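The values are calculated or read from the model by the stated rules, or taken from the named source; none is laboratory data. The structure presented is a predicted model; accordingly, all values stated were derived computationally and were not measured. Heads up, the Cβs are rebuilt from the backbone with ideal geometry, glycines too, and the neighbour counts pull from every protein chain shown. Accessible surface is based on the protein model in full, side chains and every heavy atom, while ligands, DNA and RNA are left aside. Shrake-Rupley method; radii C 1.70, N 1.55, O 1.52, S 1.80 Å.
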Amino acid sequence: MPIGLLRRRARLRLETPRLELRPPVMADHSAWAQLRRDSREFLEAWEPSWSRDHLSRTAFRNRVYWARRLIADGKGAPLFLFSRGGAAPAGALLGALTLDNVRRGPSQSASIGYWIGAAHAGHGYMTEAVETVRDHAFGALGLSRLEAACLPENKASRALLERSGFKYEGVAQSYLQINGRWRTHVLYAALRADRRGRTAEG
């Protein structure tokens with residue numbers, strides 16, 4: 001891969017009226033650990049069990065390296081959400097959204113996952129972020145399908161996806177380990193407008 005393309009990917013930044021989305025860097029560790037710590041009770045029901053070193057600097061360094069590699073390889077885009085001012089102070093870390101498992105060839109698809117700090121939930125930040133990443137995926141990245149999964153009882157996440165143009169597709173039994181148990185998930189997907197019928201090569 002040309003070095004110039006690697007550098008452009010490493011500088012990935014997306015903006016919305018209220019948010020800046022960018023990959024994590026080591027300087028974000030303190031804010032990330034504090035937000036996760038403060039939101040633990042709010043998040044635990046929807047996430048895999050946290051490891052004992054989940055909030056440590058070493059674990060976060062591994063997360064940063066993983067994010068850089070994923071972006072450099074064109075396999076995804078782990079992004080942190082920062083406030084640009086307003087209800088939350090400018091520069092405050094609000095949560096994260098990851099575009100992952102990018103598949104090229106006939107599929108041209110990827111998956112998304114996300115979390116928001118407890119203090120910032122219910123303000124529409126994640127809807128703004130999901131819609132921006134969706135448009136980036138369908139535009140600059142040339143993808144044509146985004147997939148997401150959530151627990152059936154997670155009404156907030158289901159409503160968010162539906163507001164963002166995702167459609168319910170079905171159920172995946174024992175799909176992921178969440179909070180120490182195998183849990184069934186509901187599946188959603190958003191399609192680029194031209195992903196229907198025959199392709200240009202067809």
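Expressed in nm to one decimal, what extension gain is obtained for the pair residue 177 and residue 62 from 0.36 nm per residue of sequence separation less their Cα-Cα distance?
39.3 nm is the gain from fully extending residue 177 to residue 62.
Give, as a single signed number, the net charge of other residues whose beta carbon lies under 11 Å from the beta carbon of residue 84, with Lys and Arg counted +1 and Asp and Glu -1.
Net charge in that neighbourhood comes out at -2.
What is the dipole size for the chain, taken about its Cα centre, with +1 at each Lys and Arg Cβ and -1 at each Asp and Glu Cβ, in debye to the nearest 20?
580 debye
Can you compute the modelled spin-label distance between residue 15 and residue 72, with each label point 7 Å from Cα toward Cβ, in nm?
Simple spin-label model gives 2.8 nm for this pair.
Need one word for the stretch 128-202: rounded, prolate or oblate. Basis is the Cα gyration tensor (sqrt eigenvalues a ≥ b ≥ c); a/c below 1.5 gives rounded, then a/b vs b/c decides.
Since a/c reaches 1.5 and a/b is larger than b/c, the shape of the stretch 128-202 is classed as prolate.
Residue 153 label point, 7 Å along Cα→Cβ, cut-off 19 Å on backbone N: hits in the stretch 37-56?
40-50
Output the peptides 24-33, 44-53 sorted from most to least packed, where packing is the average of other Cβ atoms within 10 Å over each peptide's residues.
Per-residue mean Cβ counts within 10 Å order the peptides as 24-33, 44-53.
Within the stretch 88-172, list the trypsin sites (Lys or Arg not before Pro) lying in a DSSP loop whose Cβ has at most 13 other Cβ atoms in a 10 Å radius.
Passing both the DSSP loop test and the Cβ count: 104.
Once you charge only the Cβ atoms, +1 for Lys and Arg and -1 for Asp and Glu, what is the size of the charge dipole of the stretch 106-187 about its Cα centre, to the nearest 20 debye?
220 debye
Where the Cα atoms of the chain are projected onto their three principal axes, how long is each span, largest first, in whole Å?
Computed over the Cα atoms, the extents are 52, 43, 33 Å.
³J(HN,Hα) across the stretch 151-160 via Karplus (A = 6.51, B = -1.76, C = 1.60, θ = phi - 60°), whole Hz, x for Gly/Pro?
5, x, 7, 7, 4, 5, 5, 5, 5, 4
Using θ = phi - 60° and the Karplus curve 6.51 cos²θ - 1.76 cosθ + 1.60, what whole-Hz ³J(HN,Hα) does each residue of the stretch 93-105 get, with Gly and Pro shown as x?
6, 10, x, 8, 9, 10, 8, 9, 6, 5, 10, 9, x
Accessible area per residue of the chain at 1.4 Å probe, in Å²?
I get 55 Å² per residue for the chain.
Roughly to the nearest percent, how much of the accessible area of the stretch 113-163 is carbon and sulfur, given a 1.4 Å probe?
The computed percentage sits at 52.
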